[in-house]
1. Consider residue 254 carefully, then state whether it is part of a helix (DSSP H, G or I), hydrophobic (A, V, I, L, M, F, W, C) and in contact with a Leu (Cβ under 8 Å, 6 or more places away or on another chain).
2. Do you know which of the residues in segment 27-53 that are in a loop (DSSP other than H, G, I, E, B) and among the aliphatic types (A, V, I, L, M) is surrounded by the most Cβ atoms within 10 Å (Cβ to Cβ)?
3. Quick check, is residue 265 buried (at least 20 other Cβ atoms within 10 Å of the Cβ), over 30 Å from residue 118 (Cβ atoms) and not β-branched (Val, Ile, Thr)?
4. Filter segment 375-398 down to residues that are surrounded by fewer than 21 Cβ atoms within 10 Å (Cβ to Cβ), at pLDDT 80 or above and not β-branched (Val, Ile, Thr), then give me how many there are.
5. Take residue 362 and decide whether it is closer than 24 Å to residue 294 by Cα and at pLDDT 95 or above.
6. Given the condition polar (S, T, N, Q) and closer than 21 Å to residue 128 by Cα, answer yes or no: does some residue in segment 154-172 qualify?
7. Take the conditions among the small types (Gly, Ala, Ser), within 21 Å of the chain's Cα centre (by Cα) and not assigned by TED's automatic domain parsing to the domain that holds residue 164 and apply them to residue 13. Does it pass?
8. Among the residues of segment 317-363, how many are outside any loop (DSSP other than H, G, I, E, B), within 29 Å of residue 267 (Cβ to Cβ) and touching a helix residue (DSSP H, G or I) at 6+ places or on another chain (Cβ under 7 Å)?
Amino acid sequence: MAVGEASFPAMPAIEGIRLGTAMAGIKAAGRRDLVVIELPEATTLAAAFTRNAFCAAPVHVARRHLETEKPRYLLINTGNANAGTGEQGMHDADKSCQALGELTGVAAQSVLPFSTGVIGEPLPVKRLCDALPEALAALSADGWQTAAEGILTTDTRAKGATARLEIGGQTVTINGIAKGSGMIKPDMATMLSFVFTDAAIDDARLQVLLRHAVDDSFNCITVDSDTSTNDACTLAATGRGARIDTDEHESRFAAALTEVLVELAQAIIRDAEGATKFVTLEVEGAATRQEALDVAFTVAHSPLVKTALYASDANWGRILAAVGRAPVPDLDVSRIAIDLGEVALVERGGRAASYTEEAGSAVMAESEITIRIHLGRGDTAATVWTSDLSHDYVSINADYRS
């Protein structure tokens with residue numbers, strides 16, 4: 001069950017972008033599991049992919065295609081990751097791109113494939129290819145929610161975000177959809193995100209914008225510390241709107257883009273497998289951003305902290321212990337302060353004089369919790385978002401292939 005209320009946003013059409021879905025029966029019959037997204041000619045596209053050494057066949061193929069052709073179609077399947085499938089997996093990813101290219105009259109290299117689902121099983125490429133005409137017939141400029149639903153796996157709800165801003169007297173739109181619920185610790189989980197804008201942005205600038213926005217969003221979330229074989233985030237700019245060609249334009253666009261990606265990243269955590277808590281970890285007073293992230297992720301990945309969060313148990317010693325084992329050299333615990341919401345837990349390395357179990361328990365009982373850690377080493381901060389670890393998380397993953 002997801003944390004907090006959420007409804008899919010009303011997402012405006014972006015000229016030239018059309019989205020269609022189909023039921024290919026890749027893993028199970030009767031559910032939408034194939035998505036095709038059409039891009040207009042001359043679209044520029046930036047991408048961030050998983051750094052997992054066992055990255056999936058579609059990741060290899062998408063990277064290769066981006067080096068040779070302008071993308072015209074994104075082809076996404078769920079139910080099968082096409083990872084750990086060797087040369088056959090590469091062949092299957094190529095074959096799916098070729099099939100879509102033949103149906104649409106574009107080069108196979110103009111198709112970027114993406115897959116998510118079970119690792120190590122052959123992609124049922126015939127079923128996928130047979131369903132392509134259905135997906136193409138369904139292409140629509142208003143197909144955002146259906147597409148967002150079509151890329152889900154263990155997610156319980158579709159995830160979308162949108163932002164609009166004025167650039168040079170023109171309205172610029174940014175729309176994004178994402179999926180992800182478990183195997184989430186992106187390093188660019190199982191997560192996929194596809195973001196689109198009508199702005200005109202050159203390739204180099206677009207890649208920088210995406211990299212910075214991903215670092216402040218998807219690379220700041222974790223459910224279970226597992227980085228997927230299939231992570232990908234793309235940003236497509238159709239070029240039919242305002243041109244982003246000054247520092248001021250870039251700064252404003254970057255802020256709106258980061259807002260969209262943070263909303264999507266937080267939606268993944270709110271819908272984490274078995275989650276009952278949405279947790280914000282704010283680390284302040286660090287010497288470097290990496291140091292702040294190391295502390296935040298050490299706490300976020302602690303099974304003892306996560307199970308205490310699930311139990312609403314104000315066992316603050318688990319947080320203190322996790323901070324203490326973070327890979328931070330020469331950590332002076334006497335300078336550390338930790339707050340749970342507005343309740344002081346730790347001051348000068350020990351239990352805060354004002355702390356009471358009742359106050360701590362009241363915060364832990366909430367569904368949205370902020371843990372603030374001050375290191376007293378500098379003036380740099382970082383924020384990470386995570387979830388708790390519940391019985392349902394274990395059940396979902398124990399039963400995943402059944």
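The values are calculated or read from the model by the stated rules, or taken from the named source; none is laboratory data. The structure displayed is predicted, hence computed values, not measured ones. Every residue, glycine as well, gets a Cβ built from its backbone with ideal geometry; the counts of neighbours run over all protein chains shown.
1. For residue 254, the condition - part of a helix (DSSP H, G or I), hydrophobic (A, V, I, L, M, F, W, C) and in contact with a Leu (Cβ under 8 Å, 6 or more places away or on another chain) - is met.
2. Result: 39.
3. Considered against the rule, which asks whether it is buried (at least 20 other Cβ atoms within 10 Å of the Cβ), over 30 Å from residue 118 (Cβ atoms) and not β-branched (Val, Ile, Thr), residue 265 comes out as no.
4. Matching residues across segment 375-398 total 5.
5. no
6. The answer is yes, given that some residue of segment 154-172 is polar (S, T, N, Q) and closer than 21 Å to residue 128 by Cα.
7. The answer is no for residue 13.
8. 9
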